[in-house]
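Here's the structure, in structure tokens; my notes come after.
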């Protein structure tokens, strides 16, 4: 059965508009995805009919909101195959998830210890670890990336020793589209007794995520990159870890009993959810994952791979084209440079032609330095993009390049 | 010509273009043609960092007029830089500080001067004003 992309597009009203008098071709999905009406309705239904604070009210609305909030947690736990829903901690997004972990792992890192991150990390999975290493007098070690944009696993293996206290890598690179062999990485790290955090920000929309199969100790992701609203995300943390790590923020909800002198903290996951949570966001994230599930992640991946391959093939015909990121296992992200053309100029002209792409460092400045470039143009695909849009995109690139050279 | 007259001339030039492609093609041409800054001024001291495209700006006081030279690594940015220089260079600091630069809006390039745009142009205009201010103080001494 062909992928029902036209029917899907009807679920995303935002796509049906003109920019600069041209039909919008939205190819900035790695920055944020658009939201289907199902998700928008879930969010608005919550505020229209259910809004109430969770976990404390005796009244019906509060009970309903609490039930729905916890049901969302369970759905999300099942979606990523967590062993228990208490392993799902709601956060603002990947950045907060990583920062939460970097805060509570403070004591775990001792002077002289090391943290391993890859050279292809987004700033949000690099800077928190860099700063933690600075605070604790520990070493931040960088796992290099080869010319194709693949991780040097031999290097990783060699650097794993008892001094290493964490490996933090992304599942899918936001710049290169590389799908990292996370299961293999976790196996290597665990063999050396080292825990692993996977930054899954780019992964949920494009590939199956099974945290138990991967074996990750921690897995972070954002709702807004998988068709849910901004401001909601998840930190999956294995129960054995999260139970013994200290709290992150203090306040309501995360406590059990409080006196003026003492406090006992609440159990998981509430211990990590101080304050009133983003209930509407959690419900909408549940709805977004159900939307993806209904279409089937394998079918989505197949559709996006067709788009990626077609776009890559067509771009390669342009003189001076250089694709940044040619990993064997790659999806949905197409970074490129054209000889003699500045990414900013190309992005500006593409915008005039209705094509939304991202240009620049993509919040991965060290990766750019590592690869000896100063930015790329990035087109990134989602389940609602069409082959016709790929044609418009590649024709627009050609037109812009001809204007600029 | 006063700054306003130069702005008016640019507006008239751009009014000839019917679609955006011709307008940008002209900007690109301006960018490519710009005989700009001396290489020795393309250093970190003259760099205005705009995250994505870089702009270098230098100013000299010639008599009581400020002469600007500039460059950018992105050609569309460079085209807009050349318009700014054409309009503002060769004027007294008082005039430069009074200029509103409304022409960029009128020729449909205002978005390039928005602070969210990662091209360094907004900072460049600020830097132009800083130079003018400094020379104004110098002239009044």
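Within region A:96-115, does at least one residue satisfy the condition of being under 22 Å from the mean Cα position of the chain (by Cα) and assigned to a strand (DSSP E or B)? Spell out how you get there, then give the answer.
The first filter runs over region A:96-115 and keeps only residues under 22 Å from the mean Cα position of the chain (by Cα), leaving A:96-105, A:115.
Next, from what is left, pick out any that are assigned to a strand (DSSP E or B): A:115.
Scanning region A:96-115, I find at least one residue that is under 22 Å from the mean Cα position of the chain (by Cα) and assigned to a strand (DSSP E or B), so the answer is yes.
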- Hey, among the residues in region B:56-68 that are touching a helix residue (DSSP H, G or I) at 6+ places or on another chain (Cβ under 7 Å) and touching a residue at least 24 places away in the same chain (Cβ under 8 Å), which one's farthest from residue B:26 (Cα to Cα)? B:64
- In region A:374-405, anything surrounded by 21 or more Cβ atoms within 10 Å (Cβ to Cβ), in a loop (DSSP other than H, G, I, E, B) and away from chain B (no Cβ under 11 Å) is listed as A:381, A:382, A:383, A:384, A:385
- Task: Could you tell me which of the residues B:88, B:109 is closer than 17 Å to residue B:28 by Cα and either in contact (Cβ under 8 Å) with a residue 12 or more places away in the chain or surrounded by fewer than 16 Cβ atoms within 10 Å (Cβ to Cβ) (or both)?
- Result: B:109
- Query: Assuming residue A:23 fulfils every condition listed in (1) at positive phi; (2) in contact (Cβ under 8 Å) with a residue 60 or more places away in the chain apart from one, which condition is it?
  - Reply: (1)
- Residue list for region A:18-27, restricted to those being touching a strand residue (DSSP E or B) at 6+ places or on another chain (Cβ under 8 Å) and away from every other protein chain (no Cβ under 14 Å): A:24, A:25, A:26, A:27
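What do you reckon, is residue A:256 free of Cβ contacts under 8 Å to residues at least 12 places away in the same chain, surrounded by fewer than 18 Cβ atoms within 10 Å (Cβ to Cβ), touching a strand residue (DSSP E or B) at 6+ places or on another chain (Cβ under 6 Å) and farther than 26 Å from residue A:399 by Cβ? Full working, then the answer.
Values: free of Cβ contacts under 8 Å to residues at least 12 places away in the same chain: yes; surrounded by fewer than 18 Cβ atoms within 10 Å (Cβ to Cβ): yes; touching a strand residue (DSSP E or B) at 6+ places or on another chain (Cβ under 6 Å): yes; farther than 26 Å from residue A:399 by Cβ: yes.
For residue A:256, the condition - free of Cβ contacts under 8 Å to residues at least 12 places away in the same chain, surrounded by fewer than 18 Cβ atoms within 10 Å (Cβ to Cβ), touching a strand residue (DSSP E or B) at 6+ places or on another chain (Cβ under 6 Å) and farther than 26 Å from residue A:399 by Cβ - is met.
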- Of all residues in region A:361-373 being in contact with a strand residue (DSSP E or B) (Cβ under 9 Å, 6 or more places away or on another chain) and over 13 Å from residue A:121 (Cβ atoms), which is nearest to the other protein chains (Cβ to nearest Cβ)? A:373
- If you scan region A:348-366, which residues turn out to be out of contact with any helix residue (DSSP H, G or I) (no Cβ under 6 Å at 6 or more places or on another chain) and either part of a strand (DSSP E or B) or closer than 13 Å to residue A:25 by Cβ (or both)? A:351, A:354, A:356, A:358, A:360
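So which residues in region A:281-298 are outside any helix (DSSP H, G or I) and within 15 Å of residue A:46 (Cβ to Cβ)? Steps first, please.
The initial filter retains those residues of region A:281-298 that are outside any helix (DSSP H, G or I), namely A:296.
None; the set is empty.
Going by the conditions given, is residue B:93 touching a helix residue (DSSP H, G or I) at 6+ places or on another chain (Cβ under 8 Å), more than 22 Å from residue B:47 (Cβ to Cβ) and either more than 13 Å from chain A (Cβ to nearest Cβ) or at pLDDT 95 or above (or both)? Write out each step before concluding.
Working: touching a helix residue (DSSP H, G or I) at 6+ places or on another chain (Cβ under 8 Å): yes; more than 22 Å from residue B:47 (Cβ to Cβ): yes; either more than 13 Å from chain A (Cβ to nearest Cβ) or at pLDDT 95 or above (or both): yes.
Taking the combined requirement at face value, the residue satisfies it.
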- Query: How many residues does region A:46-65 hold that are surrounded by 15 or more Cβ atoms within 10 Å (Cβ to Cβ) and out of contact with any helix residue (DSSP H, G or I) (no Cβ under 7 Å at 6 or more places or on another chain)?
  - Reply: 1
- Note on the structure: Given (1) buried (at least 20 other Cβ atoms within 10 Å of the Cβ); (2) over 17 Å from residue B:58 (Cβ atoms); (3) at pLDDT below 90, residue B:121 misses just (2)
- Query: How do the pairs read when you match residues in region A:376-393 that are assigned by TED's automatic domain parsing to the domain that holds residue A:334 with residues anywhere that are at pLDDT below 95 and in a loop (DSSP other than H, G, I, E, B), using Cβ under 7 Å and keeping only pairs 6 or more apart or on different chains?
  - Reply: A:378/A:362
- Query: Which of the residues that make up region B:21-47 are more than 14 Å from chain A (Cβ to nearest Cβ), at pLDDT 85 or above and touching a strand residue (DSSP E or B) at 6+ places or on another chain (Cβ under 7 Å)?
  - Reply: B:41, B:42, B:46
- Note on the structure: Only one of (1) over 20 Å from residue B:120 (Cβ atoms); (2) within 14 Å of chain B (Cβ to nearest Cβ) does not apply to residue A:335, and that is (2)
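Might you let me know whether region A:157-179 holds any residue that is farther than 27 Å from residue A:328 by Cα, under 22 Å from the mean Cα position of the chain (by Cα) and surrounded by fewer than 22 Cβ atoms within 10 Å (Cβ to Cβ)?
To start, the set of residues in region A:157-179 that are farther than 27 Å from residue A:328 by Cα comprises A:161-165.
From the residues that got through so far, the ones that are under 22 Å from the mean Cα position of the chain (by Cα) too are none.
No, region A:157-179 contains no residue that is farther than 27 Å from residue A:328 by Cα, under 22 Å from the mean Cα position of the chain (by Cα) and surrounded by fewer than 22 Cβ atoms within 10 Å (Cβ to Cβ).
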- Would you please name the residue that is surrounded by the fewest Cβ atoms within 10 Å (Cβ to Cβ), looking only at residues in region B:1-20 that are within 14 Å of chain A (Cβ to nearest Cβ) and part of a loop (DSSP other than H, G, I, E, B)? B:18
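From the list B:128, B:76, exactly one residue is within 14 Å of chain A (Cβ to nearest Cβ) and surrounded by 20 or more Cβ atoms within 10 Å (Cβ to Cβ). Which is it? Spell out how you get there, then give the answer.
On the way: B:128 fails: within 14 Å of chain A (Cβ to nearest Cβ).
None of the others qualify; the one that does is B:76.
The values are calculated or read from the model by the stated rules, or taken from the named source; none is laboratory data. These numbers come from a predicted model, not from an experiment. Here Cβ is always computed from backbone atoms with ideal geometry, including for glycine, and neighbour counts include all displayed protein chains.
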